[in-house]
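Take a look at the structure set out below.
The values are calculated or read from the model by the stated rules, or taken from the named source; none is laboratory data. Note that the structure is a prediction, hence the values are computed from the model and not measured. Because the Cβ atoms are built from the backbone with ideal geometry, glycine has one as well, and the counts that use them run over all protein chains shown. Heads up: the accessible areas ignore ligands, DNA and RNA and are worked out on the full protein's heavy atoms, side chains in. Shrake-Rupley method; radii C 1.70, N 1.55, O 1.52, S 1.80 Å.
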Amino acid sequence: MDKKRLVIVGSGSTYTIGMIMSLIEEKNNFPLKSITFYDIDERRQEKNAKAAEIILREHYPELEEFKYTTNKEEAYTNIDFAFIQIRTGGLPMRVNDERIPLMNNVVGQETCGPGGMAYGLRSIKDMIEIVCDIRRYSKDAWILNYTNPAAIVAEALKREFPEDKRLLNICDMPAAIMISYAGILGKEVWDLVPEYFGLNHFGWFTKIYDKEGNDHTEELKRKIIEEGFTPQDSEISEDQSWIKTFEQARKMLIDYPDYLPNTYLQYYLYPKAIVKKEDANNVRAMQVINGREKRVMDLCDKIIEADSTGDIHLKSDIHGVYMVRAAASLAYNNGDIYIVMVKNNGIISNIPEEAMVEVPAMLTKNGIKPFAVGKIPTFYKGLIENQLAYEMLVVDAYFEKDYKKLVQALALNRTVIDTEVAKTILNELIEANKGYWPEL
Ligand code: NAD
Ligand code: G6P
Ligand code: MN
C-alpha cells in the first residue's frame with residue numbers, strides 16, 4: 001500500500017486528538033507518510049500539535065513526518081488528503097447562535113434552525129477559501145469536509161465547485177446512531193449495512209441489514225420501543241445532553257413508526273418541548289466549552305508536561321474512525337458503503353435533482369457511487385422539501401447578500417414559522433455576526 005500524506009485543517013479543533021488516535025488505530029488500513037496540521041490560530045493549534053507529536057512519536061514511529069503550520073503553501077503542497085474541521089468564529093460565536101433563538105423561544109442549536117443559519121453564513125466564506133487554497137497546491141487531493149452546518153456548507157461548495165469530483169461532505173451522526181443499533185443487536189457496527197435517505201441532520205434509516213443480508217429493521221424498532229435508546233459511542237455515552245437526545249429518538253419512532261429517525265429530527269418535530277428543556281444560560285456550546293474542550297486541553301497539557309502519554313488510555317471514537325475508514329476506502333478502492341452527502345441527480349426520484357442529499361454510497365478510488373433510493377412517501381417528501389428550501393434560501397442569501405431571503409428561510413424553517421419572530425431573531429443575529437456575515 002502506498003502511504004498517503006494528510007493535512008488536518010482546523011487542527012486546533014477539539015476533535016483533533018481523537019482523530020490522531022483514530023489514525024493510529026487505523027494505520028494498517030490507512031497508512032500515512034506524513035501528517036500536517038493547519039490552523040489560523042497558532043496558539044490553539046500548538047497545544048494539540050505538541051501533544052500529537054508525543055503521541056505519534058510513541059504510537060506511530062512509521063510516520064515519516066509530522067509538522068504544524070499556519071502557512072497555506074506549506075500545509076497544502078503535495079498532499080493526498082485534506083480533512084477539514086474548522087469553526088468560523090469559534091465556540092464563543094456558537095454560544096450566540098444557540099442563545100439568541102432560545103431567548104426568543106425558538107430552538108437554539110449548532111446546525112438546526114436560526115443558529116444553523118447563522119453558523120452557515122459564517123462558514124461559507126472560509127470553506128470556499130480553503131477549498132480554493134487546497135486546489136492551488138494539490139489539485140487531485142481528496143478533500144473530506146466535516147465542517148458544520150454540513151448541509152449548508154455542502155450546498156455552497158456544490159455551487160462554487162460544481163466540477164470538483166474529489167470533494168466530499170460527511171457527517172458522523174448516522175454512524176454514531178448505528179453504534180447504538182449494533183449494541184442492541186449484539187453486533188459490530190461495521191457488520192451493519194444501512195439503507196438511509198434525507199438531508200444532512202435530517203434523514204431516516206429505512207433498513208438495517210447485516211453483512212449476510214439478514215433484515216434487522218423490525219427487530220430493532222421493537223427493541224428500541226420496548227427497551228429505549230441510548231448513545232453507545234465512548235465520546236457521547238456519558239453526556240446527559242446526548243442521552244436525552246437519544247431517548248427522544250424512541251419517542252419519534254413511536255409517533256412515526258415507518259422509519260428509524262436521525263436524532264437531529266427532534267428539533268424539527270418537537271420544537272416546543274426542546275425549547276422548554278433548554279436553558280439560555282447554559283446552552284450546548286457552553287457545555288462543550290466546559291466539557292469536551294476543557295477535557296481535551298487538560299489531556300494535552302498532561303501529555304506535554306510529562307513528555308509522554310504514560311498510562312493515559314488513548315481511545316479512538318466513531319467520529320475519527322468513520323472519517324479515516326471512509327478515506328481509506330477512497331484511497332485504496334475498498335468499495336465500502338458510507339452514508340455521505342452527494343448531489344441528488346435522481347437518487348431520491350421525487351425531490352429536486354440539485355439537492356445535496358445524504359444517502360449510502362460506495363466509496364471508490366474513482367469516485368462516490370451512490371445507490372438509488374427511489375420515490376419517498378408524502379410526509380417525508382414534504383418535510384425534506386421544506387428543509388431543502390430553507391437551506392437553498394440561506395445559500396442564495398449568502399451569494400446575493402439578500403436580507404429578504406433570510407426572512408423567507410426562517411419563516412419556512414419548522415423551528416421558527418412566525419414571520420415576526422423570524423425578523424426579530426434575524427436582526428439580533430445580524431448584530432451578533434458583524435464582520436462574519438456578508439453585508440446584507
Ligand atoms: P473548535 O472551535 O474547537 O475547532 C475549530 C478550529 O478551526 C479552531 O482551532 C480554529 O482556530 C480553526 N479555524 C477556524 N477558522 C479557520 C480557518 N478559516 N482555517 C483554518 N482553521 C480555522 O471546533 P470543534 O468543536 O472542534 O468543531 C470543529 C468542526 O467540526 C465544527 O465545524 C463542527 O461542527 C465540526 N464537526 C462536524 C461533525 C460532523 O458530523 N459533520 C462532527 C464533529 C464535528
Ligand atoms: C454529532 C454531529 C455533528 C456535531 C457533533 C457535536 O457528531 O453529527 O455534526 O457537530 O455531534 O455536537 P456537540 O453538541 O457535542 O458539539
Ligand atoms: Mn453531523
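A few comments on the model shown:
- Which numbered condition Ile134 misses (of (1) in contact with a strand residue (DSSP E or B) (Cβ under 8 Å, 6 or more places away or on another chain); (2) open to solvent by less than 10 Å² (accessible area, probe 1.4 Å); (3) within 12 Å of ligand 2 (Cβ to nearest atom); (4) part of a helix (DSSP H, G or I)): (3)
- Residues within the range 182-218 that are touching a strand residue (DSSP E or B) at 6+ places or on another chain (Cβ under 9 Å) and either in a loop (DSSP other than H, G, I, E, B) or within 16 Å of ligand 2 (Cβ to nearest atom) (or both), tallied: 14
- Residue selected from the range 355-369 under the condition without any contact (Cβ under 8 Å) to a residue 60 or more places away in the chain and surrounded by fewer than 20 Cβ atoms within 10 Å (Cβ to Cβ), by the criterion nearest to Val189 (Cα to Cα): Met362
- All positions within the range 87-103 that are surrounded by fewer than 23 Cβ atoms within 10 Å (Cβ to Cβ) and β-branched (Val, Ile, Thr): Thr88, Val95
- Residues considered: Tyr146, Tyr181, Tyr209, Tyr196. Of these, the only one that is without any contact (Cβ under 8 Å) to a residue 24 or more places away in the chain and either open to solvent by less than 40 Å² (accessible area, probe 1.4 Å) or not acidic (Asp, Glu) (or both) is Tyr209.
- Count - residues of the range 219-229 that are surrounded by 17 or more Cβ atoms within 10 Å (Cβ to Cβ) and either of a type in the set (Val, Ile, Thr) or part of a loop (DSSP other than H, G, I, E, B) (or both): 2
- You will find that of Val395, Val407, the residue that is open to solvent by less than 30 Å² (accessible area, probe 1.4 Å), in contact with an Asp or Glu (Cβ under 8 Å, 6 or more places away or on another chain) and not in a loop (DSSP other than H, G, I, E, B) is Val395 and no other.
- Exactly one residue out of Tyr322, Tyr270, Tyr264 is over 30 Å from Ala49 (Cβ atoms) and within 15 Å of ligand 3 (Cβ to nearest atom): that is Tyr264.
- When the range 372-387 is filtered for residues that are in a loop (DSSP other than H, G, I, E, B) and touching a Phe, Trp or Tyr at 6+ places or on another chain (Cβ under 9 Å), the ones remaining, listed by number, are Val373, Ile376.
- Odd one out for Met178, checked against (1) within 14 Å of ligand 1 (Cβ to nearest atom); (2) touching an Asp or Glu at 6+ places or on another chain (Cβ under 9 Å); (3) at pLDDT 95 or above: (2)
- Filtering Ile35, Ile24 for residues that are hydrophobic (A, V, I, L, M, F, W, C) and not in a helix (DSSP H, G or I) leaves a single hit, Ile35.
- Residue within the range 187-200 that is modelled with pLDDT of 95 or more, of a type in the set (Lys, Arg) and out of contact with any Leu (no Cβ under 9 Å at 6 or more places or on another chain) present: yes
- Long-range neighbours under 7 Å by Cβ, at least six apart or interchain, first residue assigned to a loop (DSSP other than H, G, I, E, B) within the range 310-324, second open to solvent by 20 Å² or more (accessible area, probe 1.4 Å) and modelled with pLDDT under 90: Lys315/Ser234; Asp317/Ser234; Asp317/Glu235
- Within the option set Asp301, Asp311, Asp307, being assigned by TED's automatic domain parsing to the domain that holds Ile55, on the phi > 0 side of the Ramachandran plot, open to solvent by 60 Å² or more (accessible area, probe 1.4 Å) and over 19 Å from the mean Cα position of the chain (by Cα) holds for one residue only, Asp307.
- Those residues of the range 314-348 which are more than 21 Å from Ala82 (Cβ to Cβ) and more than 23 Å from the chain's Cα centre (by Cα), in sequence order: Gly346
- Test: residue in the range 70-86 that is modelled with pLDDT of 95 or more, buried (at least 17 other Cβ atoms within 10 Å of the Cβ), assigned to a loop (DSSP other than H, G, I, E, B) and within 11 Å of ligand 1 (Cβ to nearest atom): yes
- When residues of the range 185-222 are limited to those that are closer than 18 Å to Tyr256 by Cα and charged (D, E, K, R), the one nearest to ligand 3 (Cβ to nearest atom): Glu195
- If you go through the range 153-169 and keep only what is farther than 15 Å from Met323 by Cβ and within 11 Å of ligand 1 (Cβ to nearest atom), you end up with Val153, Ala154.
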